[in-house]
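**Student:** The structure is given below, and queries will be raised subsequently.
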Amino acid sequence: MKSRKMRAPERLAGLGFGERLKLAAVVVGGIGVWLWAYESVGAYASRLPAHDFSTPLDRALPVVPSAVFVYLLCYVLPLLPVLVVRERRALFVAALAAVLLNVLAFSTYVTLPVAFPRPRLGDSWPEQVLAFIYSWEFTPGANNMPSLHVATSWLVWLVCRPYLSLAAGRWLLLLVLAIFVSTLLVKQHILVDVLTGVPYAQLALAAAQRLFAARRVAALAPD
């Protein structure tokens, strides 16, 4: 029993630069697999009867095409834990939480499809970028509630927060909240998508922590 307890800190040791590069490559590869799964789920969900949960606030919010550049930051944000988190355990928990989050989200996409109309766009550069993003969307719509932009951003903040200074944590939180708002301003999501994203991330992380803790307790238990 004593020897097992002594080996545990080794498994939780800090990560070197080379290990972080390998993990970054794994994250990039994982994003590729995720894209395939996301497209497959969306193609199926887009053929199902959809609901439009748009509120008067959603309809009142203007389109702000320049917000698309904040919106796009969510695609690189998942790399941040690889750079910030200093323990293997926390990274494994984060990876498991990301998997659980997507399983929960994909399940919701096919059980409660949400779709809503998107606005017409002009010819400015931000609008052309936004139009390109729209061109990849499903018709009439799918994979909206919960917003994975919101859920993923919030999960990154939850995972990175313990390893950041107070000031850095606040800046990251501001960035995450800006991404939340950008999803509404570029009309990629409606309010209900944003409001459900946060609890989905919280639930996924809590479940991952419990599952990992149970596995570690079993591994360290005496024969």
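**Student:** Could you tell me which residue of the stretch 164-176 is surrounded by the most Cβ atoms within 10 Å (Cβ to Cβ), considering only residues that are more than 17 Å from SER66 (Cβ to Cβ) and of a type in the set (A, V, I, L, M)?
**Tutor:** Only one residue fits best here, namely VAL176.
**Student:** Taking the options VAL110, VAL68, VAL93, VAL99, name whichever one is at pLDDT 90 or above and closer than 21 Å to SER182 by Cβ.
**Tutor:** Exactly one residue qualifies, and that residue is VAL68.
**Student:** Please list, ordered by first then second residue, the pairs with beta carbon atoms under 6 Å, 6 or more apart or interchain, first in the stretch 185-199 and in contact (Cβ under 8 Å) with a residue 24 or more places away in the chain and buried (at least 24 other Cβ atoms within 10 Å of the Cβ), second of a type in the set (A, V, I, L, M) and assigned to a helix (DSSP H, G or I).
**Tutor:** Partner pairs satisfying both residue conditions: VAL186/ALA67; VAL186/VAL68; VAL186/LEU130; GLY197/VAL150; GLY197/ALA151.
**Student:** Can you list the helices (runs of 4 or more DSSP H) found entirely within the stretch 14-71 that contain at least 3 residues being over 21 Å from the mean Cα position of the chain (by Cα) and closer than 26 Å to ARG120 by Cα?
**Tutor:** 56-60
Residue by residue, here is whether (1) of a type in the set (D, E, K, R); (2) surrounded by 13 or more Cβ atoms within 10 Å (Cβ to Cβ); (3) touching a residue at least 40 places away in the same chain (Cβ under 8 Å); (4) farther than 23 Å from ALA43 by Cβ holds:
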{"position": "THR55", "(1), (2), (3), (4)": "no, no, yes, yes"}
{"position": "PRO81", "(1), (2), (3), (4)": "no, yes, yes, yes"}
{"position": "ALA115", "(1), (2), (3), (4)": "no, yes, yes, no"}
{"position": "ARG120", "(1), (2), (3), (4)": "yes, no, no, yes"}
{"position": "LEU130", "(1), (2), (3), (4)": "no, yes, yes, no"}
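**Student:** Take ALA219 and decide whether it is assigned to a helix (DSSP H, G or I), over 27 Å from ALA37 (Cβ atoms) and at pLDDT 95 or above.
**Tutor:** No.
**Student:** Exactly one of these conditions fails for THR152: (1) surrounded by fewer than 16 Cβ atoms within 10 Å (Cβ to Cβ); (2) within 24 Å of LEU23 (Cα to Cα); (3) of a type in the set (S, T, N, Q). Give me its number.
**Tutor:** Looking at each condition in turn, THR152 falls short on (1).
**Student:** Residues ALA13, ALA50: which one is surrounded by 10 or more Cβ atoms within 10 Å (Cβ to Cβ) and modelled with pLDDT of 70 or more?
**Tutor:** Only one candidate qualifies: ALA50.
**Student:** Kindly check whether there is at least one residue in the stretch 143-153 that is touching a Leu at 6+ places or on another chain (Cβ under 9 Å), part of a helix (DSSP H, G or I), under 27 Å from HIS51 (Cβ atoms) and hydroxyl-bearing (Ser, Thr, Tyr).
**Tutor:** Yes; the residues of the stretch 143-153 include at least one that is touching a Leu at 6+ places or on another chain (Cβ under 9 Å), part of a helix (DSSP H, G or I), under 27 Å from HIS51 (Cβ atoms) and hydroxyl-bearing (Ser, Thr, Tyr).
**Student:** If you don't mind, another one. From (1) farther than 20 Å from THR196 by Cβ; (2) among the aromatic types (Phe, Trp, Tyr); (3) not in a helix (DSSP H, G or I), pick out the condition that doesn't hold for TYR134.
**Tutor:** (3)
**Student:** Quickly run through the stretch 109-131 and pick out the residues that are assigned to a helix (DSSP H, G or I) and touching a helix residue (DSSP H, G or I) at 6+ places or on another chain (Cβ under 8 Å).
**Tutor:** TYR109, VAL110, PRO126, GLU127, VAL129, LEU130
**Student:** So in the stretch 83-100, with the set limited to residues that are over 17 Å from ALA207 (Cβ atoms) and not charged (D, E, K, R), which one is surrounded by the most Cβ atoms within 10 Å (Cβ to Cβ)?
**Tutor:** VAL85
The values are calculated or read from the model by the stated rules, or taken from the named source; none is laboratory data. Please read all numbers here as calculations on a predicted model, not as lab measurements. Glycine gets a Cβ as well: all are built from the backbone with ideal geometry, and neighbour counts include every protein chain shown.
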